[in-house]
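Asks: Just dropping this structure here.
The values are calculated or read from the model by the stated rules, or taken from the named source; none is laboratory data. The shown structure was predicted, so the numbers you read here are calculated from the model rather than taken from an experiment. As a convention, Cβ positions derive from the backbone with ideal geometry for all residues, glycine included, and neighbour counts pool all protein chains shown.
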2 protein chains.
Amino acid sequence: MDQVRGSQSIVFAETPYIVSAASVAGSKEAEGPLGKFFDMTSQDDQFGEKTWEEAESTMQKEACVLALGKARIKAKEVRFLFGGDLLRQGIATSLGVEALQIPMFGLFGACSTSGEALALCAMSAAAGYGKYMLGVTSSHFGSAEKEFRFPLGYANQRPLSAQWTVTGSGAFVVGMRESGVKIRGVTVGKIVDYGLKDSQNMGACMAPAAMDTIIRNFEDLGVGPDDYDRIVTGDLGYIGQSILFDLVKGKGYDIRKKHLDCGMTIFDQETQDTHSGGSGCGCAAVTLASFVLPKIESGEWKRVLFVPTGALMSTVSYNEGASVPGIAHGIVLEHNDVPESETL
Amino acid sequence: MDQVRGSQSIVFAETPYIVSAASVAGSKEAEGPLGKFFDMTSQDDQFGEKTWEEAESTMQKEACVLALGKARIKAKEVRFLFGGDLLRQGIATSLGVEALQIPMFGLFGACSTSGEALALCAMSAAAGYGKYMLGVTSSHFGSAEKEFRFPLGYANQRPLSAQWTVTGSGAFVVGMRESGVKIRGVTVGKIVDYGLKDSQNMGACMAPAAMDTIIRNFEDLGVGPDDYDRIVTGDLGYIGQSILFDLVKGKGYDIRKKHLDCGMTIFDQETQDTHSGGSGCGCAAVTLASFVLPKIESGEWKRVLFVPTGALMSTVSYNEGASVPGIAHGIVLEHNDVPESETL
C-alpha cells in the first residue's frame with residue numbers, strides 16, 4: 001500500500017525505479033562541465049532540421065530512443081508516455097514523440113516538467129498501470145528565445161538576472177524493474193506566487209516555489225537536510241539560489257551544504273558566462289540524466305531530493321501585467337542498496 | 001487489482017466516481033440548447049475581468065469552486081488538481097487555479113484535455129493517492145481566436161470548415177466516494193497523424209484520432225457499439241463526424257446511432273450558425289458536466305464512452321508547415337447501478 005504522507009507527498013511502499021535515462025544536448029552544453037557525460041551532443045544546434053522547433057522535437061525523439069535502448073525495451077512495451085516542453089501548445093513534444101506511437105499524456109509545468117513527468121511515471125508504475133512508463137522533457141535556446149523574448153537576430157542585450165535556456169532533452173524509463181536508482185517518493189508542488197513580474201529574473205520568481213516544496217517535503221516525510229546527500233534544484237541560477245537559501249533559513253533549515261542547482265552546474269560561469277545560469281525544461285532533465293543519476297547509481301550519493309522549478313508565464317500574461325508564479329515538484333531518489341530500515 | 005487491458009486501456013477493479021461536476025459558460029453558450037443546464041453563465045464574456053485571458057482564469061476558478069461546493073468538500077481536501085487549457089503555456093489554468101492552493105499537475109492535450117484530466121484523476125484516485133482529485137479545463141472564444149487565428153477586431157471571414165471555440169469551463173471532483181457516475185475505465189490515446197495541415201478544419205484533423213481511440217477501446221475491452229448507450233466525442237463538429245463515421249465503418253463498426261458530438265450539441269446550428277460546430281477544451285467539459293453526466297446519473301444512459309479529441313498544433317508549427325496531428329482519450333462512464341456482472 002502506498003503511503004500518502006502529509007498534505008502533498010506520496011512514499012511508495014513498493015518503489016518504482018528509473019530503469020534508464022538518456023540525455024541529448026547542444027553545442028554550448030557540450031563545451032560545458034557536463035559535456036563528456038551526455039549521451040549525444042550535436043555541433044549543429046538545428047540537429048539537421050530546418051527550424052529550432054523541429055530541432056527540439058528531434059532531440060526529444062533521440063532522447064527517448066536512447067533511453068529505450070539502454071533499458072533494452074521497445075517503444076510498444078511502454079504503456080504511457082508523459083512529456084512536455086516550454087513551447088506554446090507543447091508542440092516540440094507532440095511532434096517529437098509522435099513517431100514512437102506510445103499512448104501519451106501531454107504536460108506543462110514550465111521548467112518543472114521533468115519533475116511532473118517523473119512523478120506521474122512513478123505514480124502510474126507503482127499503481128500497476130503498466131510495466132514501463134517514459135518521461136521526457138526538452139528545451140532549446142533558439143526556440144525559447146523566440147517564444148519568450150526576442151528574435152535571435154535582434155541581438156538584444158540580456159539583463160544580468162537573465163538565464164540561458166539549455167538546448168537539451170532528457171528521457172527516463174520508469175518501471176518496477178530493479179535498477180540502481182529508486183523513486184522512493186514524490187512531493188507534488190503548489191503554485192506559489194510572491195507577486196514578482198520580471199520574466200527576465202526567473203530565479204527570483206521560482207525560488208519561493210522551490211522553498212515551499214522542499215519545506216513541504218521535509219515536513220510531510222519528517223526529514224531534514226541531513227537526510228539527503230544532495231538537494232538538487234532545476235534552474236534557480238545564481239540569483240534564485242541566494243533567495244532560496246534565505247527563504248529556507250527563514251523556515252529554520254539550512255540547506256547550503258547540500259544544495260546543487262542544475263542551472264549552475266551545466267555551464268562554466270567563468271568561461272561560458274550565461275549571466276545567472278542555465279534554465280529550461282531540458283536543463284534539469286539532462287543534468288539529472290547525465291550527472292546526478294550516475295552518482296546515485298554508484299552509491300556516492302545515497303539519497304537525493306530532485307526539485308525542478310518552473311516559472312508559469314507566457315508572453316501574453318507578461319504583456320498583460322500578470323505576475324509570474326512558480327511551481328516545483330520534488331522527487332526523492334534513492335540508491336538501490338539503501339536498506340529498507342533506513343528508508344523514509 | 002486494476003486491470004491493464006489490451007495495449008492502451010485500464011479497467012478499474014475498484015472504480016472511482018465523478019463525485020461532482022460544474023459548468024461555467026459564456027453568453028452565446030447560454031443562448032444555446034444547453035443554456036439552462038449550466039451552473040453559471042455570464043452575459044459579460046469578460047466575466048468582470050480586463051482581458052480574455054483573465055476571464056478564462058476566472059471561469060476555471062468559479063467552476064472549481066462550484067464543483068467543490070457540490071461535493072461539499074474544501075479545496076484543501078483535494079489531493080491533486082489536474083488542469084489545462086488551450087493558451088500558450090497553459091496560463092489560464094496556472095493563474096486560474098492558483099488561489100485554490102491545491103498541489104497541481106499542468107496538462108496539455110488541446111481539446112482532449114478534459115479526457116486527459118479525468119483519466120489522471122481516476123488513475124490517481126483508484127491508486128489510493130488521495131481521497132479527492134480535481135480535474136478542470138477551459139477555453140474562451142476571445143482568447144482562443146487571439147491565440148490561434150486573428151485579432152477579433154480584424155473581423156476575418158471564417159471558412160465553412162471552421163469551428164467556434166466555446167467560452168466555458170468544466171470542473172470535476174473525482175474520488176472513491178460513491179455517486180451516480182462511475183469511471184469504469186480509460187483508454188489513453190496515441191498521437192494520430194494523417195498529414196492534414198489545415199488548422200481551420202480541425203474536425204478533419206481530429207477524426208482519425210477519435211477513430212483510433214474508439215476502436216482501441218472496443219478491442220482492448222472486447223466490446224462494441226452495442227455496449228454503449230452513447231459514444232460522445234468532444235468537438236469533431238459536422239465535418240469531423242462524417243469523417244469519423246467513414247473511418248470507423250472502415251474498421252467494421254457502425255456507431256452512427258450511438259454517436260453524439262459535444263461540438264454539435266452545444267450550439268443550435270440553425271439559429272447560432274457556427275459553421276462546423278463548437279470546439280475548445282471547454283466544449284466537451286461543459287457538455288459532459290451539464291448534459292451527459294445527469295443522463296448517466298438518472299440511469300437514462302447506463303454506459304457512455306466519452307472521447308474528447310484534440311488537434312495538436314500551435315501558430316508556430318502551423319506557420320512552419322507542420323501537420324496537425326490529433327489525440328483522443330476515452331473515458332468509460334457507467335451509471336452506478338449497473339450490476340457488477342454486467343460491467344466490462
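Asks: Of the residues in region A:276-301, how many are assigned to a loop (DSSP other than H, G, I, E, B) and out of contact with any strand residue (DSSP E or B) (no Cβ under 6 Å at 6 or more places or on another chain)?
Replies: From region A:276-301, those assigned to a loop (DSSP other than H, G, I, E, B) are A:276-277, A:280, A:298-301; that's our starting set.
If we keep only those that are out of contact with any strand residue (DSSP E or B) (no Cβ under 6 Å at 6 or more places or on another chain) as well, we get A:276-277, A:298, A:300.
Selection size over region A:276-301: 4.
Asks: Also, I was wondering about something else. If you go through region A:184-216, how many residues are within 12 Å of chain B (Cβ to nearest Cβ), basic (K, R) and part of a strand (DSSP E or B)?
Replies: Qualifying residue count, region A:184-216: 0.
Asks: Among the residues of region A:326-339, how many are touching a residue at least 12 places away in the same chain (Cβ under 8 Å) and either over 18 Å from the mean Cα position of the chain (by Cα) or within 13 Å of chain B (Cβ to nearest Cβ) (or both)?
Replies: Of the residues in region A:326-339, 9 are touching a residue at least 12 places away in the same chain (Cβ under 8 Å) and either over 18 Å from the mean Cα position of the chain (by Cα) or within 13 Å of chain B (Cβ to nearest Cβ) (or both).
Asks: I would also like to ask the following. Can you find, within region B:224-256, the residue that is surrounded by the fewest Cβ atoms within 10 Å (Cβ to Cβ) among those that are in a helix (DSSP H, G or I) and among the acidic types (D, E)?
Replies: At the first step, the residues of region B:224-256 found to be in a helix (DSSP H, G or I) are B:225-227, B:237-250.
With the extra rule that they be among the acidic types (D, E), the set shrinks to B:226-227, B:246.
Details: B:D226: 9, B:D227: 17, B:D246: 11.
Checking each candidate, the answer is B:D226.
Asks: For region B:302-320: of the residues being within 13 Å of chain A (Cβ to nearest Cβ) and assigned to a strand (DSSP E or B), which is farthest from B:A171 (Cα to Cα)?
Replies: B:A311
Asks: Something else: Has region A:243-253 got any residue that is touching a Leu at 6+ places or on another chain (Cβ under 7 Å) and either assigned by TED's automatic domain parsing to the domain that holds A:T309 or more than 29 Å from A:F141 (Cβ to Cβ) (or both)? Spell out how you get there, then give the answer.
Replies: First pass over region A:243-253, keeping only residues touching a Leu at 6+ places or on another chain (Cβ under 7 Å): A:244.
Applying the additional criterion that residues be either assigned by TED's automatic domain parsing to the domain that holds A:T309 or more than 29 Å from A:F141 (Cβ to Cβ) (or both) yields A:244.
Yes - at least one qualifying residue is present in region A:243-253.
Asks: Could you tell me whether any residue of region A:241-254 is of a type outside the set (V, I, T), free of Cβ contacts under 8 Å to residues at least 60 places away in the same chain and on the phi > 0 side of the Ramachandran plot? Full working, then the answer.
Replies: Residues of region A:241-254 of a type outside the set (V, I, T): A:241-242, A:244-247, A:249-254.
Within this subset, residues satisfying the condition of being free of Cβ contacts under 8 Å to residues at least 60 places away in the same chain are A:241-242, A:244-247, A:249-254.
Applying the additional criterion that residues be on the phi > 0 side of the Ramachandran plot yields A:252.
There is at least one residue in region A:241-254 that is of a type outside the set (V, I, T), free of Cβ contacts under 8 Å to residues at least 60 places away in the same chain and on the phi > 0 side of the Ramachandran plot.
Asks: I've got another one for you. Can you tell me which condition A:L152 does not meet? The list is (1) within 26 Å of A:C64 (Cα to Cα); (2) away from chain B (no Cβ under 13 Å); (3) surrounded by fewer than 19 Cβ atoms within 10 Å (Cβ to Cβ), and all the others hold.
Replies: Here A:L152 meets the rest and fails (1).
Asks: Residue check: is B:S23 closer than 25 Å to A:G106 by Cβ, buried (at least 24 other Cβ atoms within 10 Å of the Cβ) and outside the structural domain of B:G263 (by TED's automatic domain parsing)? Step through it out loud before you land on a result.
Replies: Values: closer than 25 Å to A:G106 by Cβ: yes; buried (at least 24 other Cβ atoms within 10 Å of the Cβ): yes; outside the structural domain of B:G263 (by TED's automatic domain parsing): yes.
Yes.
Asks: Under 9 Å between Cβ atoms, at least 6 apart or on separate chains: pull out the pairs that start in region A:298-309 with a residue that is at positive phi and end on any residue that is in a strand (DSSP E or B) and not hydrophobic (A, V, I, L, M, F, W, C).
Replies: Every condition considered, the pairs that remain are A:G299/A:H335.
Asks: Name the pairs whose Cβ atoms lie under 9 Å apart, with the first residue in region A:67-92 and touching a residue at least 60 places away in the same chain (Cβ under 8 Å) and within 11 Å of chain B (Cβ to nearest Cβ), the second part of a loop (DSSP other than H, G, I, E, B) and among the polar types (S, T, N, Q), and 6 or more positions between them or separate chains?
Replies: Hits for this filter: A:L87/B:S314; A:R88/A:S314; A:R88/B:S314.
Asks: If you don't mind, another one. Determine which single condition A:S323 fails, assuming it passes every other condition in (1) within 13 Å of chain B (Cβ to nearest Cβ); (2) in contact with a Pro (Cβ under 8 Å, 6 or more places away or on another chain).
Replies: (2)
Asks: Here is a follow-up. Do we find that B:E334 is assigned to a loop (DSSP other than H, G, I, E, B), out of contact with any Gly (no Cβ under 6 Å at 6 or more places or on another chain) and within 20 Å of B:P225 (Cα to Cα) in this structure? Steps first, please.
Replies: Values: assigned to a loop (DSSP other than H, G, I, E, B): no; out of contact with any Gly (no Cβ under 6 Å at 6 or more places or on another chain): yes; within 20 Å of B:P225 (Cα to Cα): yes.
So B:E334 fails the test.
Asks: On the basis of being at positive phi, touching a residue at least 12 places away in the same chain (Cβ under 8 Å) and not basic (K, R), does B:Q101 make the cut? Steps first, please.
Replies: Numbers: at positive phi: yes; touching a residue at least 12 places away in the same chain (Cβ under 8 Å): yes; not basic (K, R): yes.
When the stated conditions are applied, B:Q101 passes them.
Asks: Could you list, in sequence order, all residues of region A:49-92 that are surrounded by fewer than 24 Cβ atoms within 10 Å (Cβ to Cβ), in contact with a Leu (Cβ under 9 Å, 6 or more places away or on another chain) and either among the β-branched types (V, I, T) or assigned by TED's automatic domain parsing to the domain that holds A:T309 (or both)?
Replies: A:V65
Asks: Then there's this: For residues in region A:76-92 being part of a loop (DSSP other than H, G, I, E, B) and not charged (D, E, K, R), which is nearest to the chain's Cα centre (by Cα)? Break it down into steps so the answer makes sense when it comes.
Replies: To start, the set of residues in region A:76-92 that are part of a loop (DSSP other than H, G, I, E, B) comprises A:85-87.
Among the residues that remain, those that are also not charged (D, E, K, R) are: A:86-87.
Working: A:L86: 12, A:L87: 16 Å.
Once the filter is applied, the top-ranked residue is A:L86.
Asks: Among the residues of region A:21-57, how many are farther than 20 Å from A:C283 by Cβ and of a type in the set (G, A, S)?
Replies: Result for region A:21-57: 1.
Asks: Another one. Identify all residues within region A:1-60 that are within 30 Å of A:E342 (Cα to Cα), more than 17 Å from the chain's Cα centre (by Cα), polar (S, T, N, Q) and assigned to a strand (DSSP E or B); write none if there are none.
Replies: Across region A:1-60, the qualifying residues are A:Q3, A:S9.
Asks: Can B:L344 be described as modelled with pLDDT under 95 and buried (at least 18 other Cβ atoms within 10 Å of the Cβ)? Give the derivation first.
Replies: On the way: modelled with pLDDT under 95: yes; buried (at least 18 other Cβ atoms within 10 Å of the Cβ): yes.
Spelling it out, B:L344 is indeed modelled with pLDDT under 95 and buried (at least 18 other Cβ atoms within 10 Å of the Cβ).
Asks: On the basis of being surrounded by fewer than 24 Cβ atoms within 10 Å (Cβ to Cβ) and small (G, A, S), does A:G278 make the cut? Step through it out loud before you land on a result.
Replies: Details: surrounded by fewer than 24 Cβ atoms within 10 Å (Cβ to Cβ): no; small (G, A, S): yes.
Spelling it out, it is not the case that A:G278 is surrounded by fewer than 24 Cβ atoms within 10 Å (Cβ to Cβ) and small (G, A, S).
Asks: Among residues belonging to region B:93-108 that are of a type in the set (S, T, N, Q) and within 7 Å of another protein chain (Cβ to nearest Cβ), point out the one that is surrounded by the most Cβ atoms within 10 Å (Cβ to Cβ).
Replies: Here is the first cut: in region B:93-108, the ones of a type in the set (S, T, N, Q) are B:93-94, B:101.
Checking the rest, the ones that are also within 7 Å of another protein chain (Cβ to nearest Cβ) come to B:94, B:101.
Numbers: B:S94: 33, B:Q101: 16.
Only one residue tops the list, namely B:S94.
Asks: So, in region B:121-138, how many residues would count as being at the interface with another protein chain (Cβ under 7 Å from one of its Cβ atoms) and touching a helix residue (DSSP H, G or I) at 6+ places or on another chain (Cβ under 8 Å)?
Replies: First, pick out the residues of region B:121-138 that are at the interface with another protein chain (Cβ under 7 Å from one of its Cβ atoms): B:123-124, B:127-130.
Checking the rest, the ones that are also touching a helix residue (DSSP H, G or I) at 6+ places or on another chain (Cβ under 8 Å) come to B:123-124, B:127, B:129-130.
Of the residues in that region, 5 qualify.
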